[in-house]
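Written out below as structure tokens is the structure these notes cover.
Rule-based calculations on the coordinates, nothing more; no lab input. Here the structure is a predicted model, which means the values were calculated and not measured. Because the Cβ atoms are built from the backbone with ideal geometry, glycine has one as well, and the counts that use them run over all protein chains shown.
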Ligand SMILES: Cc1cc2nc3c(=O)[nH]c(=O)nc-3n(C[C@H](O)[C@H](O)[C@H](O)COP(=O)(O)O)c2cc1C
Ligand code: SF4
Ligand code: FES
């Protein structure tokens with residue numbers, strides 16, 4: 001260790017070690033640069049990163065923390081509090097199934113079982129071909145025309161198990 | 001633009017059952033036949049079971065057809081769609097459909113009528129008259145009008161809006177905020193969404209008036225991520241309003257400033273609670289704050305903040321325009337004005353019904369709703385979201401009124417009614433209520449964070465028939481602890497659905513087969 005570094009004392013701001021890919025890193029930095037002046041910027045930044053990458057990589061936490069000059073614990077605490085944010089890349093399509101009461105009254109429980117069985121995955125998982133990730137959601141605001149499902153950002157109503165299969169087939173055929 | 005005006009809703013629920021495909025089919029078919037049409041993507045009329053609804057403007061009024069599928073479109077043209085002529089899907093004049101005609105649409109006056117993307121359309125339909133009236137008043141006079149109207153918060157707690165505004169006005173600060181609670185997390189509710197998508201300007205106008213009244217120059221709309229269509233509609237409307245001088249540094253040349261932005265939530269039910277929402281807006285975990293201080297005194301970034309629900313704020317323009325008396329004259333007792341009721345779940349004719357307070361559940365379920373969708377008897381309804389009580393048939397004569405609901409240990413909340421037929425397993429519903437509380441707990445206090453998880457376990461044992469009397473006593477005791485020991489209404493009200501299910505539908509908890517297993 002050189003004399004110079006030994007004298008440096010406690011570093012005020014170091015570049016955090018991270019294993020982000022270049023794209024991930026550039027995206028996180030660009031989103032931070034764009035939004036960090038906003039009032040209460042953390043949620044908009046996390047949304048920005050997830051919108052761009054599809055997820056918020058674990059190693060984005062120290063980078064965002066250093067950009068906002070807050071602790072990693074604060075960023076991690078926020079990221080892990082909200083159900084919407086994901087740390088792993090999603091499948092090519094994200095399917096949210098409504099589990100809430102109004103949908104339950106018209107068959108959501110059976111639909112959920114069908115979805116898990118036909119896709120062979122549980123909630124918060126992705127099919128092995130990387131096509132579909134399945135997530136629960138608690139009301140999509142379509143409670144008079146349930147059961148409700150959101151495929152990517154599109155709401156679908158009156159989704160029977162057969163209709164669910166159709167929607168999945170359509171999604172798969174899109175890419 | 002010329003050509004006959006045809007309306008197909010842009011509302012997310014209408015799109016969810018194919019409104020875009022119908023709109024495309026209409027354009028294609030019209031082009032094929034060489035007919036010029038002006039396709040307007042309006043908000044939904046709220047007759048959701050008839051979506052996708054197609055309306056045609058005729059000299060005598062708008063004529064409706066529905067629910068329409070794309071393949072029926074050529075047939076509609078053949079039958080004389082352009083002249084509003086009969087067809088199997090013909091419904092007559094939209095505004096003469098009894099479900100619609102019998103409503104009292106104050107807050108929803110324009111939803112379904114106008115093009116939500118058009119500021120001009122808004123202005124042509126009495127838009128911004130409330131703001132103009134407010135600009136001529138002192139802040140205290142605006143607050144007085146809202147107080148006199150009797151308007152109470154529509155987000156659930158039913159606190160008088162005028163009193164909240166008065167507190168913010170009376171608290172000096174160099175910066176104040178107006179925050180619109182658009183988190184609408186309750187199952188069985190979508191009235192906020194319908195306003196934001198179907199008439200976003202009315203919310204913007206209401207927030208601007210709130211800003212003038214409270215002395216706040218910045219506003220935020222905290223919108224749940226689950227509503228991407230509402231985000232698009234709000235962003236477009238804010239841009240249009242800013243462009244035209246209805247928002248910004250100098251509103252309509254008055255020298256008053258108000259700016260507005262939309263912020264997205266991230267899937268946390270608890271962020272609908274106002275202090276949790278403020279934490280979230282500040283970029284923190286959505287944990288409940290201790291009160292006091294009230295948000296009206298120290299809210300967003302510790303500044304005085306008006307926090308109101310979408311419907312509360314969207315009801316303000318008509319109060320300023322028509323007067324407090326006009327609004328107050330609807331309703332009864334201490335529940336004044338109208339409530340946009342959402343009839344949802346297992347119901348034949350689900351939709352939005354804006355009515356003066358006082359209508360009974362029974363009228364809503366049978367006269368409007370036409371009974372269950374499955375055709376089976378209605379066994380239970382849950383009113384007021386996931387924290388609302390389950391009501392049996394014997395309570396269906398309860399009028400829609402905050403105090404009447406409180407009397408039977410229930411709550412109106414945000415006006416959502418979820419209908420269940422006789423196939424429902426109420427023990428499963430009670431279990432779900434506890435499970436939901438466990439999933440959504442912010443974790444700040446023990447009765448809710450741990451109690452909800454233990455609650456699921458106790459209900460599981462009760463259902464399994466393991467020493468049921470003891471389990472039931474334990475469950476009631478736990479609910480008592482949650483009711484009185486929780487910091488906020490998530491833990492505090494979860495016992496409502498649980499205990500009401502237990503009291504009114506006891507047989508579902510003690511299944512004969514399970515009881516035998518006790519041995
Ligand atoms: C767990 C919980 C969830 C809530 N969710 C919402 C919500 O989604 N939307 C809402 O407007 N109010 C919600 N509220 C009520 C708010 O705390 C608050 O009373 C409301 O935003 C005040 O506005 P209002 O007076 O106009 O109703 C919730 C309350 C609790 C305890
Ligand atoms: S009751 Fe639940 S949600 Fe409310 S403060 Fe306590 S832990 Fe948080
Ligand atoms: S309960 Fe499923 S959309 Fe509202």
Item to complete: Going by C-beta contacts inside 10 Å, put B:159, B:77 in order with the fewest on the left.
Response: B:159, B:77
Worksheet item: So in chain B, what percent of DSSP beta bridges are antiparallel if you round to the nearest 5?
Response: 55
Worksheet, complete the sentence: Taking every alpha carbon pair in the protein assembly as shown and sorting the distances into 20 angstrom bins from 0 up to the bin holding the longest one, the percent per bin comes out as 17, 51, 28, 3, 0
Fill in: Cβ neighbours within 10 Å from other chains - mean over B:410-423
2
Item to complete: Pairs of Cα atoms under 8 Å, at least six residues apart: use those to get the relative contact order of chain B, whole percent.
Response: 13
Worksheet item: Percentage of Cα-Cα pair distances in segment B:129-207 greater than 19 Å, rounded to whole percent?
Response: 47
Worksheet item: To the nearest Å, what is the center-to-center distance of segment B:423-445 and segment B:174-248, using C-alpha atoms only?
Response: 31
Worksheet item: Relative contact order for segment A:27-175: what is it in percent, counting Cα pairs under 8 Å that are at least 6 residues apart?
Response: 19
Discussion item. Under the 0.36 nm per residue contour assumption, what length would be gained going from the current alpha-carbon distance of residue A:173 and residue A:118 to full extension?
Written reply: 18.1 nm
Worksheet item: Sorted from fewest to most neighbouring beta carbons within 10 Å, what does the list B:194, B:482 look like?
Response: B:482, B:194
Worksheet item: Taking every DSSP beta bridge that has both residues in the protein assembly as shown, what percent is antiparallel when rounded to the nearest 5?
Response: 55
Worksheet item: Tell me, how many Å apart are the Cα centres for segment B:1-77 and for segment A:120-150?
Response: 29
Worksheet item: So for chain B, what are the equivalent ellipsoid semi-axes in whole Å, largest first, each being the square root of 5 times an eigenvalue of the Cα gyration tensor?
Response: 38, 32, 19
Worksheet entry | Two-site FRET efficiency, residue B:243 against residue B:140, from Cβ-Cβ distance with R₀ of 30 Å, rounded to 0.05 | 0.45
Worksheet entry | Two-site label geometry, residue B:93 and residue B:28: point separation in nm, points 7 Å out along Cα→Cβ | 3.4
Item to complete: May I ask for the Kirkwood hydrodynamic radius of segment B:268-389, worked out over all distinct Cα pairs and given in angstroms to one decimal?
Response: 17.3
Item to complete: Report the antiparallel proportion of the DSSP beta bridges in segment A:93-173 as a percent, rounded to a multiple of 5.
Response: 55
Worksheet item: Of the residues A:107, A:77, A:48, which exhibits the maximal mean-square fluctuation in a Gaussian network model of chain A defined by a 10 Å Cα contact cut-off?
Response: A:77
Discussion item. How large is the convex hull of the C-alpha atoms of segment B:206-321 per residue, in Å³?
Written reply: 109
Practice prompt. Using Cα centres only, tell me the gap between segment B:292-359 and segment B:79-146 in whole Å.
Written response: 17
Worksheet, complete the sentence: Residue-normalised 222 nm signal for the protein assembly as shown, counting each DSSP H run of n ≥ 4 as -39,500 (n - 2.57), nearest 500 deg cm²/dmol, is -11500 deg cm²/dmol
Worksheet, complete the sentence: Computed from every Cα-Cα pair in chain A, P(r) in 10 Å bins starting at 0 and rounded to whole percents is 9, 31, 26, 20, 9, 4, 2, 0
Worksheet entry | Length released on extending from residue B:159 to residue B:446, taking residue separation times 0.36 nm less the Cα-Cα span | 100.6 nm
Discussion item. What FRET efficiency comes out for residue B:120 versus residue B:236 if R0 is 22 angstrom and r is the Cβ-Cβ distance? Round to the nearest 0.05.
Written reply: 0.95
